[in-house]
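Everything below concerns the one structure shown next.
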Amino acid sequence: MRYLLFALSLYSAIGFGQQTAQNLFSHYQTALYQIRIIELGSGNKSSIGSGFQINDSGVLVTNYHVVSEYIYFPEKYRIEYLAADGSVGDLSVINIDVVNDLALVQVQTDKISTDFFALSESLPEQGSSIYSLGNPHDLGMIVVPGTFNGIKKNSFYQRIHFTGSINPGMSGGPVVNPDGQVVGVNVATAGNQIGFLVPLTKVYTLLENSELTPLSTKQYKQTIATQLMENQRHLFERLESGVWKSSHLGGAIVPTLDEEFLACWGDSNSADQEALYLSVEKRCRLDEEIFLHGGLRTGGVEIEFEWLESERLGTHRFYEFFSDSIAGAGAGNQASKNDVNNYQCKQDIVTNQHQVKTKSTFCLRAYKEFPHLYDVLYIGATLNHDSQGLISHFTLAGVSQDSAMRFTKQFMGAIAWQ
Amino acid sequence: MAIVLELLSRKDQTLKYFKFNKPEILVGRDHHCDLRLEDPYISAEHIRIRQDSVDNTIYFEDCQTINGTFVNKRCLASGKLEGDDILKIGRTRLKVVNTNQPVSAALPLSQLEESLSWLSNSGIAILLTLGYLVLSMISGYLNSIADYSIFDMLPKEMGQMAILSAWPVAFAVMGKVFNKESRVVSQFSILWLTLFIIYGLYLVEKLLSFNFNAPVLFLWLELVVYTFILFGFVWLSLFIAFHQNNRRRNIVSIMMTLAIVVPIVSIGMLGNGDFSANPEYDSTMLPPAYQLRPASDVASFVENSGTLFTELDKQIEVENLRAKRKDEKAH
């Protein structure tokens, strides 16, 4: 009997879920839009996403990455919407938030739909049902039921963890509670029912900071530059004021940031019986990056340490191996020729306050469109021991001179011997 | 006076030399001819060559042959012959030598030739060969991070040396063909000596780049030094293989050096302006004992790195200006 009851209640839960989904869909379909980026040369859509109306004057919320190609190359693209009734029209960009991947766009038509989504006042409780709406793979608008699983841990760029499948094309669609109020915006997926949403608060902030008049195309990059600069300042303040703990790696003491948003992983070859050397690695990184356009990501931080030691190789062979290990370091973020210039480096042999002697290489490249923002790559290899050494390495993407120099100083100074 | 003829190869090299102390000679395939040529296209009595006793002028007369006589490619029945004229009868080519003209002066014996004679010592050559084998084994050992087995490496290193041997062998063959002397031992000695010098320079370069981080100027200097070594190597190989005058040898050496260096440089330079996501930096690490200069401290290193920011800003400014000008021109 108990089983039967359980089965019944399960059935009714599913029934309720289906009903809500149906209701939601029929109720709000007119406030859902497909957003298309039209390539001017061919006149065809080059990418698609979703968007939803949030007031009666035709303002839509979507992801920045949905409209990024247009923002970056306004002379090559235009943005268009496709409404539920099949009508098509132009969109203009009111404001963007590259850090949180949001954009506000304005429908350019006289017949603006009066249906819109209300924004929820608060986030739901963990485990409650929420519904993601959007247009995956250009298949038409659909509803995906799922579960709210709180704000994602270990993230500097805040995301809601949504258990349910979000697919390409659904980006920018709303995620609503059973009452039809928006709690987040579809943004990314990690596969296997793990989806990520931009939290509601970010939408509120963007709305507060926006004027009613659309941005001019000239203001796009300026806006991005300001937001990146502000974001890196905020990030490095947190990194600097965070608690720098010391942890042991082989015979060295390396700095570890006790910040919840840096995810760390480790590895070693100690199980390999044939290896003539011991290698112990530790890597920490920010889980997310800021998407700027198809070929450019920024806002990432990576820190890596590798301890190498070998009694069997002998000094000269060990140092040959050490040379190979520090060769060929590359950028931590994706960027193209039009975004950044080539790295330039400064190298020297440096001793820090703990008497750790390091061959240090500091490389830098600048962003072509965002003045005074740089990507940094540092790699150092110690020179104190004959057959032991520590490689310390970090990459920072999209930082100011001040942040870069302060971080480098702090990082280099924190390495010590046990 | 005498009639002097040279039998020429197809490439105008002298094969044989004939001198007749007679005022008139008969050339043909018949046994009684003064100059008998075994060429089936030549008639039994082909031409008569006669020297005027007064002014030494040489005349010839075709003996109404089937294939005729060609003087400097023109078919003639008779006529006067000058020095350096080329007679073609049948398939054979003869050059008339002007005995009035003096031969070129003798090449001076080179001092260098004497001082390089020790290179042809087989003992030294064998020592150098073994020395190079040992050196390449040691260098292979230092560059390995897995267990090193001499018996695995020996065939590999010897194979590489066999490939390198193509150079001295090629010069020895050419020397044998053109000079009747291969001097292969000297060629090998020169090759191993050059490789020793290059390896030595490689070690110096490593030491310098570890300490001074290989600035661009350093790369150019390196290129110049290696080009000179290559030039010297080619020059000596030629010197040993051929008897040439210095001017010709210099020109050939420069051409061969450029033929090797130019492709290497252009491949290196072609990619230089291209965008790369990886920085170019010096990764040479040597044991602490090789550090030649004092270390700096963190604060001054970071401060020095500050100049990179202004340099890059300037670079972008220049690029933007250039793009702007281009735009204006396009309008």
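For the protein assembly as shown, the convex hull drawn through the C-alpha positions has a volume of 326 cubic angstrom per residue. To put it simply, the accessible area of the stretch B:279-331 at a 1.4 Å probe is 51 percent carbon and sulfur. Looking at the stretch B:1-67, the GluC sites (Glu not before Pro) that sit in a DSSP loop and have at most 12 other Cβ atoms within 10 Å of their own Cβ are B:GLU38. Looking at chain B, the accessible area is 63 square angstrom per residue; that uses a 1.4 Å probe and ignores ligands, DNA and RNA. Peptide A:338-345 is shielded by partner chain Cβ atoms: per residue, an average of 6 of them sit within 10 Å of its Cβ. For chain A, the mean residue ellipticity at 222 nm estimated from helices alone is -7500 deg cm²/dmol, where every DSSP H run of n ≥ 4 contributes -39500 (n - 2.57) and the total is divided by all residues, rounded to the nearest 500. Karplus-based coupling profile of the stretch A:158-173, in residue order and whole Hz: 5, 9, 8, 8, 10, 8, x, 8, 10, 10, x, x, 7, 3, x, x, with θ = phi - 60° in 6.51 cos²θ - 1.76 cosθ + 1.60 and x standing for Gly or Pro. Placing unit charges on each Cβ (+1 for Lys and Arg, -1 for Asp and Glu) gives the stretch B:1-133 a dipole about its Cα centre, and among B:LEU116, B:PRO40, B:LEU15 the Cα reaching farthest toward its positive end belongs to B:PRO40. Counting only protein heavy atoms and a 1.4 Å probe, the stretch A:165-235 has 46 square angstrom of accessible area per residue. The charge dipole of the protein assembly as shown, taken about its Cα centre with unit charges on the Cβ atoms of Lys, Arg (+1), Asp and Glu (-1) only, comes to about 2600 debye. Computed over the alpha-carbon pairs of chain B, the distance histogram in 10 Å steps reads 4, 15, 17, 16, 14, 12, 9, 7, 4, 1, 0 percent, short to long. Measuring between alpha carbons in the structure, the pairs from B:LYS156/B:LYS206; A:LYS357/A:LYS409; A:LYS202/A:LYS368; A:LYS245/A:LYS409 lying more than 18 angstrom apart are B:LYS156/B:LYS206; A:LYS202/A:LYS368. Inter-chain neighbour count for A:307-314: the average number of beta-carbon atoms from partner chains within 10 Å of each residue's beta-carbon is 1.
Entry comment: accessible area of the stretch A:271-418 is 34 Å² per residue, from protein heavy atoms only and a probe of 1.4 Å. Rounded to the nearest 100, the interface formed by chains B and A buries 5000 square angstrom of accessible surface, both chains summed, with a 1.4 Å probe.
Interface residues of the stretch A:356-401, defined as those with an accessible-area decrease of at least 30 Å² between the chain by itself and the complete set of protein chains (probe 1.4 Å), are A:LYS357, A:LYS359, A:PHE362, A:LEU364, A:LYS368, A:TYR374, A:LEU383, A:GLN401.
Each of A:SER241, A:GLN181, A:TYR378 was placed along the dipole of the protein assembly as shown (beta-carbon charges, centred on the mean Cα), and the one lying farthest toward the positive end is A:TYR378. The accessible-area loss of the stretch B:138-155 on complex formation, taken against its chain alone with a 1.4 Å probe, reaches 50 Å² or more at B:LEU142, B:ILE145. Ignoring lysines fewer than eight residues from B:LYS180 along the same chain, the ones with Cα atoms less than 27 angstrom from its Cα are B:LYS11, B:LYS16, B:LYS19, B:LYS95. Annotation: amide H of A:SER246 within the under-5 Å range of A:THR256, sequence separation 5 or more or interchain, hydrogens built in the peptide plane.
Given +1 at the Cβ of Lys and Arg, -1 at the Cβ of Asp and Glu and no other charges, the dipole of the stretch A:93-170 around its Cα centre is 260 debye to the nearest 20.
For B:288-301, what's the mean count of beta carbons from other chains sitting within 10 Å of each residue's beta carbon? Across B:288-301, the average partner-chain Cβ count within 10 Å equals 6. Adding -39500 (n - 2.57) for every DSSP H run of four residues or longer, then dividing by how many residues chain B holds, sets the calculated 222 nm ellipticity at -17500 deg cm²/dmol. Rounded to the nearest 20, the Cβ-based charge dipole of the stretch A:20-148 about its Cα centre (Lys and Arg +1, Asp and Glu -1) stands at 220 debye.
Using a probe radius of 1.4 angstrom, the carbon and sulfur fraction of the accessible surface of chain A is 50%.
The phi-based Karplus calculation (6.51 cos²θ - 1.76 cosθ + 1.60; θ = phi - 60°) puts the 3J(HN,Hα) values of the stretch A:103-112 at 9, 10, 10, 10, 6, 9, 8, 7, 9, 7 Hz, whole numbers, x for Gly and Pro. Sequentially through the stretch B:25-30, phi angles give Karplus couplings (6.51, -1.76, 1.60; θ = phi - 60°) of 10, 10, 10, x, 9, 6 Hz, Gly and Pro residues having no value and appearing as x. With the charge dipole of the stretch B:157-289 set up from +1 on Lys and Arg Cβ and -1 on Asp and Glu Cβ about the Cα centre, the Cα lying farthest toward the positive end among the listed residues B:PHE242, B:LEU223, B:THR257 is that of B:PHE242.
Assuming a ≥ b ≥ c are the square roots of the Cα gyration tensor eigenvalues, decide whether the stretch B:5-50 counts as rounded (a/c under 1.5), prolate (otherwise, with a/b larger than b/c) or oblate. Note, shape of the stretch B:5-50 comes out oblate.
Residues of the stretch B:311-331 whose accessible area, computed with a 1.4 Å probe over protein heavy atoms, drops by at least 30 Å² once all protein chains are present relative to their chain alone are B:LEU312, B:ASP313, B:GLN315, B:ILE316, B:GLU319.
The values are calculated or read from the model by the stated rules, or taken from the named source; none is laboratory data. It should be emphasised that the depicted structure is a prediction, and the values quoted were computed from it without experimental measurement. Note that each Cβ is placed from the backbone with ideal geometry, even for glycine, and that neighbours are counted across all protein chains shown. Just the protein is used for accessible areas: all its heavy atoms, side chains included, with ligands, DNA and RNA removed. Shrake-Rupley method; radii C 1.70, N 1.55, O 1.52, S 1.80 Å.
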